[in-house]
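Have a look at the structure that comes next, please.
The values are calculated or read from the model by the stated rules, or taken from the named source; none is laboratory data. Remember, predicted model here, so these are calculated numbers, not experimental data. No Cβ is skipped: glycine too gets one built from the backbone with ideal geometry, and neighbour counts run over all protein chains shown. Please note that ligands, DNA and RNA were not included when accessible areas were found on the heavy atoms of the full protein model with its side chains. Shrake-Rupley method; radii C 1.70, N 1.55, O 1.52, S 1.80 Å.
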Amino acid sequence: MTKIDVVVREVGMRDGLQSIKFIMPTDKKLEWARRETEAGVTEIEVASFVPPKLLPQMADAAEVVRGALEIPGLTVSALVPNLKGAERAVEQGAHKLNCVMSVSEKHNQANVRRSVQESIDEFGRIVGFVRGLPSNRRPQMCAGLATSFGCTIEGDVPEAHVLTVVEKVAALGVDEMAIADTVGYGNPAQVRRIFSGARKIAGKLPIAAHFHDTRGLGLANVVAALDAGVTAFDASLGGFGGCPYAPGASGNVDMEDLVFMLESMGLKTGVDLARLLEVRKFIESVLPTDTFAGAVAVAGLPKNYRSAASRAAA
Ligand code: ZN
């Protein structure tokens, strides 16, 4: 098996679907997950364990997690906003919990009605809960730090504050951290500073990046994060996604464009881009929406496109 240089993780099934009204049938979600795994994506955030009243699009979270666990080779991740959500996700056997809080005080209040410190304390309780599980039932715990590059309510989120949260969360003993530009405010210089700063604080802890392409800087921010040593990125097929509590926060980084860029740069993702474009066609056929983004799907692959693995072999 080829060594992977950069891991690309699909989050559209959660981040994208929660931001549109249409409720995707469970079997279509699972077909999406199966097909994208067959194209080489190894990790998918398949659902969010928030109360179904808040997000009816995620009401089938338990079923989706159980179904996704049947897909060979897939790491099944689920977003959990609190300990209750973590318990529900563990009950279904999710491989990874993505526990998310906002670094911006007001965004966190609006989102989960907690202060930043209260959310950090809740993360501590989730770590305690996960550590108390027998090893065969213990998921990986990723801490997601939303609005780390700016906030639709507060505007600036001071970088020193972001790094303080990184330090406190790393000290809890999480397995991974993801620093997120939830609302597409970040720029490459800021990305380089924050990820370099976080890397110094967090030591060996893996740190992933979650960017939205709201203002067209998604891939530029990916390159800046690569420069800072990040090797795991969230993206969504067709580039849709957002946050119901961050108005205007449309569009995760487009998965096909991300894979195209990384592979063209000689970085192996393990993803077969031609197959990935087929999966995009599948979700386009299922979703009644015109919110798809992405340049490669429109322009097609250039004649001289070669995957990083085939470049290396040549
Ligand atoms: Zn997001």
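Under a 5 Å amide H to amide H cut-off, with H placed in plane at 1.01 Å, what residues pair with G251 once short-range neighbours are removed?
When sequence neighbours closer than 5 places are left aside, the close amide H contacts are G241, G242.
Moving to a separate point now. Tell me, what ³J(HN,Hα) does each residue in segment 70-80 have, in order and in whole Hz, if you take phi through Karplus 6.51 cos²θ - 1.76 cosθ + 1.60 with θ = phi - 60° and put x for Gly and Pro?
Residue by residue, segment 70-80 yields 7, 7, x, x, 9, 8, 9, 10, 9, 6, 10 Hz.
Can you work out ³J(HN,Hα) from phi for every residue in segment 93-103, in order, using Karplus 6.51 cos²θ - 1.76 cosθ + 1.60 and θ = phi - 60°, giving whole Hz and x for Gly and Pro?
Listing the rounded values in order: x, 3, 6, 9, 9, 9, 8, 10, 9, 9, 6 Hz.
How large is the helix-only mean residue ellipticity at 222 nm for the chain, computed as the sum of -39500 (n - 2.57) over DSSP H runs with n ≥ 4, divided by its residue count, in deg cm²/dmol to the nearest 500?
Numbers: 12 runs with 127 residues, N = 314.
Per the formula, -12000 deg cm²/dmol.
Turning to a different aspect of this structure: For segment 1-145, place one equal point scatterer on every Cα, skip the solvent, and apply the Debye formula. What is log10 of I(q)/I(0) at q = 0.18 Å⁻¹?
Normalising to I(0) and taking log10 leaves -1.06.
In whole Å, what three semi-axes, largest first, describe the equivalent ellipsoid of segment 122-253 built from its Cα gyration tensor (square root of 5 times each eigenvalue)?
On the way: eigenvalues 122, 55, 43 Å².
Three semi-axes, in Å: 25, 17, 15.
What is the dipole size for segment 7-313, taken about its Cα centre, with +1 at each Lys and Arg Cβ and -1 at each Asp and Glu Cβ, in debye to the nearest 20? Before the final figure, lay out the partial values.
Details: 33 positive and 35 negative charges, 87 e Å.
That gives segment 7-313 a dipole magnitude of about 420 debye.
Report the percentage of all Cα-Cα pairs in the chain whose separation exceeds 33 Å, rounded to a whole percent. Please list the in-between numbers first.
Values: 8504 of 49141 pairs.
Cα-Cα pairs in the chain separated by more than 33 Å: 17 percent.
Same structure, new question: Give me the number: length gained by fully extending E278 to V298, i.e. 0.36 nm times residue separation minus the C-alpha to C-alpha distance, one decimal in nm.
Details: separation 20, 0.36 × 20 = 7.20 nm, distance 1.26 nm.
That pair, E278 and V298, stretches by 5.9 nm at full extension.
Out of residues 5 or more away from A47 or on other chains, whose amide H comes under 5 Å of its own, with H placed 1.01 Å from N in the peptide plane?
For A47, whose amide H was placed from the backbone, the distant partners under 5 Å are L79.
Now a separate question. Residue by residue through segment 178-187, what is 3J(HN,Hα) from phi via Karplus (6.51 cos²θ - 1.76 cosθ + 1.60, θ = phi - 60°)? Round to whole Hz and write x for glycine and proline.
Going residue by residue, I get 10, 9, 10, 9, 4, 10, x, 9, x, 10 Hz, with x marking Gly and Pro.
What value does segment 44-129 have for Rg/Rh, both radii from Cα atoms and Rh as Kirkwood defines it? Don't skip to the answer; put the middle values down first.
Values: Rg = 13.2 Å, Rh = 13.3 Å.
Taking Rh as the inverse mean 1/r over Cα pairs, Rg/Rh reads 0.99.
Follow-up. Which residues' amide hydrogens lie under 5 Å from the amide hydrogen of A178, considering only partners 5 or more residues apart or on another chain, with H built in the peptide plane?
A143, G144, L145, A208
Nearest 0.05, what FRET efficiency do F22 and L267 give at R0 = 41 Å with Cβ-Cβ as r?
With a Förster radius of 41 Å, E is 0.75.
While we're looking at this one, here's another question. With a 1.4 Å probe and all protein chains in place, put T147, T164 in order of accessible area, largest first. Write down the numbers at each step before the final one.
Values: T147 0, T164 65 Å².
In descending accessible area the options line up as T164, T147.
Let me check I've understood the local charge: for S115, count other residues with C-beta under 12 angstrom from its C-beta, Lys and Arg +1, Asp and Glu -1. What total comes out? Walk me through the intermediate numbers first.
Values: positive: K106, R113, R114; negative: E105, E118, D121, E122.
Surrounding charge for S115 is -1.
Over 30 Å between Cα atoms, which of K96/K204; K53/K204; K96/K281 qualify? Could you put the intermediate results ahead of the total?
Numbers: K96/K204 19 Å; K53/K204 39 Å; K96/K281 28 Å.
Result: K53/K204 exceed 30 Å.
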